[in-house]
Amino acid sequence: MVPLWAYLLVAAALFCLGMYGVLSRRNAVAVLMGIELMLNAVNINLVAFWRYLEAQTMNGQAFVAFIFVVAAAEAAVGLAIVISIYRNRRSVVIEDVDIMKW
Amino acid sequence: MFEFNAQTIAFLVLTLFVLGGALGVVTTRNLVHATLYMVLSLFGVAGFFVLLSAPFLAAVQVLVYIGAISILIIFGVMLTRSMTHLRHVHNAQWVASGVVTSLLFVLLMVGIILPVWGVNGAQTPTEVADVVADTAVMGQLLVSPNGYVLPFEVASLLLTAAMIGAIVIARDDE
Amino acid sequence: MSLNEFLSNPNLLPWLVPVGPLLAFFIIMLLTNRARLIPATSPEYGGHHPDYEGMLVPVVSEGSRLVSVLVGLLGILTAWLISLRVVGDAFSVAHLGATVRNSTIPWLATGSTSFNMGVLVDPLTTIMLVMVPLACTMIFIYSIGYMAHDPRQSRFFALISLFAGAMLTLVVADNLLLLFVGWEVMGLCSYLLIGFWYEKESAYKAAIKAFTTTRVADVIMLLGIAYLYAETGTLSFRDILYNEEVLQHLATTPALLLGGAGLTAAGLIGIFLIIGTIGKSAQFPLHVWLPDAMEGPTPVSAMIHAAAMVSAGIYAVIRMYPLFEAGGSPHAGLFTSPLLLLSIVGAFTAIFAATIAVAQNDVKRVLAYSTISQLGFMMAALGIGAYIAAAFHLITHAFFKALLFMASGSVIHGMEHGEHHVHEHAHDDDQYALPGHAPMTLPAHSADGHGHDSHTDTADHVPEPHTEHGHHFDPQDMLNMGGLRKTMPVTFITFLVGGLSLAGFPLLTAGFWSKDEILADAYYGLSHGFGPHALVFVLLALAAFLTAFYTMRQLGLTFMGEPRTPEAAHADLGQGLVSFTMTLPLVILAFFAIVAGFVGVPPEFPLFGAIFSPEHNPFHHFVIYTLLPEMQAEAPPFNWFPVLTSFVVALGGLGLGYLVYWRKPLVAGEPDPLVAFLGPLHPVLKNKYYVDELYARVFIAPSKAFARVASEVIDRGLIDGTLHLIARVATWIGDLFKVLNVWLIDGVGDSIPELVALFGAWFRRIQTGRIQQYLLLVALAAILIALIFAASSGMLVQAAP
């Protein structure tokens, strides 16, 4: 079988790519996509650890299921916020939404 | 380290999907294309789940992520007319972001590789269980009082709250 | 667990007793909508409220109102039926007392121990479950009619449901903590219900007074509970009170306070708990709230005075009696401190309140003081160890006092009815417009010299809210009544039954048997030469005499003779459902006010003993097993002396009242003969020994005076003067240092904030409002922290190749 560290490495790379997207994309929708990638990286980690270390129980998969729930909720609310911002400011550029400052 | 069997090959291909898709997501200018890249990446993750003997999660991944969340994001893209191209895809701190994420990746890599190839290396189990618990066990676990029934209920509540919240936030007040 | 399991398991069944009313409370609260707000002055609200100009009151829709009445009634009926079942089961248990129905669950874990919550059915609970739900149900039925015209009837039913639920919780509770919970919920309900007509200043003031007065006592009671828990580690009644070892331990441990002076832990805890009861059952010196509580609607008065609140106080002391007795034995003349406190406070309150009741003219207020007095009887009885007699009197008193309150409510209702009638036919009533007095003001008042108008104490003036503004007719003033027996015959007869029972009319009424038992117990101790017994016997006999007298006075003034006002001539309850629901409970309770006494007839009593107690006194025989076998005292042997005393005081008081008020009833304009007879004493009694005024002087005025002194003398004179002096000196020194100040200190002082401001102006740029920048910093910081953590824990070194 493919060794555990290979999965971890891929997950780490996916996590960092997602984070790069979150930190650098200007479009708010793209930022949300970055967050989805990060969550997926976490899922890979959880499932991989479960498979290699804890395959007799189902705790790892249960965690992943909960992350699905959270991701779905996050996507719904996040996009609602983006749409609301777009309606008010005619823009989805995150840098434009910067009134919360000095 | 790697036996070049079908599984390994599948793994490499899926890695290509996952990371290539992710790269596409963070770099592509056209957001519809970016979303499609994301779908590719998420498919790759679903493939990983299959490789890791978690077919149920793979199915859920396809249903929830690709079937629902991606579609939701595409709607978001269209409703906000985000596909009209911005002049700059990335913000002013993209170089700094790149440096920080690279740094993080290097650190994670060190953290993953060292235990395997370090002095006390090969800490990962050499023997991997052949038999894994099946989905029925997870079903029982989720609703058993000794398992996750409380988080399960809270999750349902969270979904309801998110649904209501999304409607309230996105509703046109006029 | 299914409902069936609760219904079929006698240990679990008591849990269901309070559920009905509590559920009813929530259902009414949640389901009746506050439909709309109307001005308090609108005709829909009675149109009688010019005082409340600009105030809005909520009015629920007619449907909601109907639903809440039905739900409330259903709730209490359920409670009653379940109680009946519990009681039936309790009677079927052999040796109830030694074995009990009990079920406990852990409620709140506190580290190594846990507070439990549970239900207990022993003989004492059983007799309470006979009385409380029955009285409550009657009160509920009565309220349907009495509150029918109140726009907030659904609120009323919600609150009395909660009240009843709390009382039932208290009765079935198996530990002191749950009892205290019910106790406090009742305190809240009494606050809300006394202030039910919150537009009235006197009502909300009375509510606050009741709440704060009982609060003082409750805090001390809580101290007692906490001390008891600290000393025994449990609050369960069975573990403490039916446990020789624990009682022995408490009776031998010196108390925290005054332990050196011989006070035991049991004594101190007992005193604390008794103080709680003194507040709840309105004993001297915390009795002041109860007469003011008459501001609430009359069913509430019945609830507070009969079925629930004040009974709860007495119930608590009866329940905790073994603790008070621990270490002593009143039957052998050994009195512990709590018992002495009980007997002295009880006997004093009994006579004290009875004398006040003699001089009151308000029909409900007479009953309020009579309640205080009767509760004093129970306290005193308990203090001399007459456990059974106290419990017996509690039950009989609940029946006849609920009856009396509701009957007086009917009287008031009738008087208001008459008042409306008079206003509608103002000119048709010339035959009642007595010569020389306008219909609105009564010569009786001015002749009285200290009628309501001369009172400055607002709480003493008790108009029901439906009296019209600017019009001083008081439907509760007995001097305004007279002759009501003709228009309200059922009320008259039931009031008569209740009054005779209260007075202890010999042989027939319940009040006679229970009072007689108290006196018999007291006399038994007296004959052995025990001081407290003697005190209790003399004072209670006197109080019983006064009770009989003021009862007769009340009956005579209210019902006999000719109507003294046109309102009284037209007083009636009307027809239909309202009238029916207000008379039915009276009739039922009148029945109980007579027969309830026959369960406790002493077996040696001539004739009656042979009929009702062929083997033994059934009440005594049943209830005594609540106590440990060591504490179960025999009933005192039959003696003619206390019986004759009962006869003499009851008949004497009634006879005197008959001569003065019944045979030759007061006519309109004639002053109360009592005024002339008592002379200078009358104002003292009428004004309740000036206790309220005393409290105003002793507690309230000094607080205000102290505040004034503190403000004017200390604050403005002393402190301000000193400060001004210091300020002047400081100004002078300040001038001196000014030069130095300007160039040295200002120089340094100014540059520091300037530097801070400069730094801030530069540093604030970090807060750009751009979320991705924040995130970047967060990521960087997280990486740094992880690195530091890894380095310091040696992870890197260990893992290095």
(request) May I ask you to list the residues in region C:761-783 that are within 9 Å of another protein chain (Cβ to nearest Cβ), assigned to a helix (DSSP H, G or I) and surrounded by 11 or more Cβ atoms within 10 Å (Cβ to Cβ)? (result) C:Arg764, C:Ile771, C:Gln772, C:Gln773, C:Leu775, C:Leu776, C:Ala779, C:Leu780, C:Ala782, C:Ile783
(message) If I go through region C:535-570 residue by residue, how many of them are of a type in the set (Asp, Glu) and not in a helix (DSSP H, G or I)?
(response) 1
(message) Go through region A:78-90 and report how many residues are surrounded by 18 or more Cβ atoms within 10 Å (Cβ to Cβ) and more than 14 Å from chain C (Cβ to nearest Cβ).
(response) 4
(request) Could you please find all residues in region B:1-35 being part of a helix (DSSP H, G or I), more than 18 Å from A:Val10 (Cβ to Cβ), touching a helix residue (DSSP H, G or I) at 6+ places or on another chain (Cβ under 6 Å) and of a type in the set (S, T, N, Q)? (result) B:Thr35
(request) Can you give me the number of residues within region B:27-55 that are at the interface with chain A (Cβ under 8 Å from one of its Cβ atoms) and either on the phi < 0 side of the Ramachandran plot or modelled with pLDDT of 90 or more (or both)? (result) 12
(message) Would you confirm, using the coordinates I've provided, whether A:Glu95 is within 14 Å of chain C (Cβ to nearest Cβ), assigned to a helix (DSSP H, G or I), surrounded by fewer than 20 Cβ atoms within 10 Å (Cβ to Cβ) and not hydrophobic (A, V, I, L, M, F, W, C)?
(response) yes
(request) Might you let me know whether region C:128-140 holds any residue that is of a type in the set (S, T, N, Q), buried (at least 23 other Cβ atoms within 10 Å of the Cβ) and assigned to a helix (DSSP H, G or I)? (result) no
(request) Keeping to region C:249-279, report how many residues are under 16 Å from C:Tyr321 (Cβ atoms) and either of a type outside the set (A, V, I, L, M) or not in a helix (DSSP H, G or I) (or both). (result) 6
(message) Test of understanding: among B:Ala22, B:Ala10, which residue is in contact (Cβ under 8 Å) with a residue 12 or more places away in the chain, closer than 29 Å to C:Gln773 by Cβ, under 21 Å from the mean Cα position of the chain (by Cα) and at the interface with chain A (Cβ under 10 Å from one of its Cβ atoms)?
(response) B:Ala22
(message) Just to be sure before I move on: is C:Phe537 out of contact with any strand residue (DSSP E or B) (no Cβ under 8 Å at 6 or more places or on another chain) and more than 29 Å from C:Met147 (Cβ to Cβ) in the structure I sent?
(response) yes
(request) Could you tell me whether any residue of region C:749-758 is over 30 Å from B:Leu104 (Cβ atoms), more than 14 Å from chain A (Cβ to nearest Cβ) and β-branched (Val, Ile, Thr)? (result) yes
(message) So if I check each of B:Ala161, B:Ala136, which one is in a helix (DSSP H, G or I) and modelled with pLDDT of 90 or more?
(response) B:Ala161
(request) Of the conditions (1) farther than 20 Å from B:Gln7 by Cα; (2) outside any helix (DSSP H, G or I); (3) more than 14 Å from chain C (Cβ to nearest Cβ), A:Phe63 clears all except one; give me its number. (result) (2)
(request) Any chance you could count how many residues in region B:56-80 are surrounded by fewer than 19 Cβ atoms within 10 Å (Cβ to Cβ) and more than 8 Å from chain A (Cβ to nearest Cβ)? (result) 8
(request) Considering every residue within region C:144-166, establish whether at least one is in a helix (DSSP H, G or I) and among the β-branched types (Val, Ile, Thr). (result) yes
(message) If a residue must be in contact (Cβ under 8 Å) with a residue 24 or more places away in the chain and either more than 7 Å from chain B (Cβ to nearest Cβ) or in contact with a strand residue (DSSP E or B) (Cβ under 8 Å, 6 or more places away or on another chain) (or both), how many such residues does region A:39-52 contain?
(response) 5
(message) If I ask for residues that are in contact with a Gly (Cβ under 6 Å, 6 or more places away or on another chain) and not in a helix (DSSP H, G or I), which ones from region C:281-299 would you list?
(response) C:Ser281, C:Leu286
(request) Look at region A:11-35 and say how many of its residues are at the interface with chain B (Cβ under 7 Å from one of its Cβ atoms), surrounded by fewer than 24 Cβ atoms within 10 Å (Cβ to Cβ) and under 27 Å from B:Thr8 (Cβ atoms). (result) 2
(request) Out of the residues in region B:139-150 that are buried (at least 16 other Cβ atoms within 10 Å of the Cβ) and not in a helix (DSSP H, G or I), state the one that is nearest to the other protein chains (Cβ to nearest Cβ). (result) B:Tyr148
(request) Select from region C:322-350 the residues that are under 20 Å from the mean Cα position of the chain (by Cα) and either within 30 Å of C:Glu245 (Cβ to Cβ) or not hydroxyl-bearing (Ser, Thr, Tyr) (or both) and write down the one among them that is surrounded by the fewest Cβ atoms within 10 Å (Cβ to Cβ). (result) C:Phe348
(request) Please give the number of the condition A:Ser84 fails out of (1) under 26 Å from B:Phe56 (Cβ atoms); (2) of a type in the set (Gly, Ala, Ser); (3) in a helix (DSSP H, G or I). (result) (1)
(message) Here's a check for you: in region C:378-402, which residue that is in a helix (DSSP H, G or I) and of a type in the set (Gly, Ala, Ser) is nearest to C:Val497 (Cα to Cα)?
(response) C:Ala402
(request) Quickly run through region C:498-536 and pick out the residues that are closer than 16 Å to C:Phe598 by Cβ and of a type in the set (A, V, I, L, M). (result) C:Leu500, C:Leu507, C:Leu508, C:Ala510
(request) Please go through region C:523-534 and pick out each residue that is under 13 Å from C:Gly333 (Cβ atoms) and in a helix (DSSP H, G or I). (result) C:Tyr524, C:Gly525, C:Leu526, C:Ser527, C:Gly531, C:Pro532, C:His533, C:Ala534
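The values are calculated or read from the model by the stated rules, or taken from the named source; none is laboratory data. What you see is a predicted model; the values in this text were computed from it and never measured. Cβ: placed from backbone, ideal geometry, glycine included. Neighbour counts: every protein chain shown.
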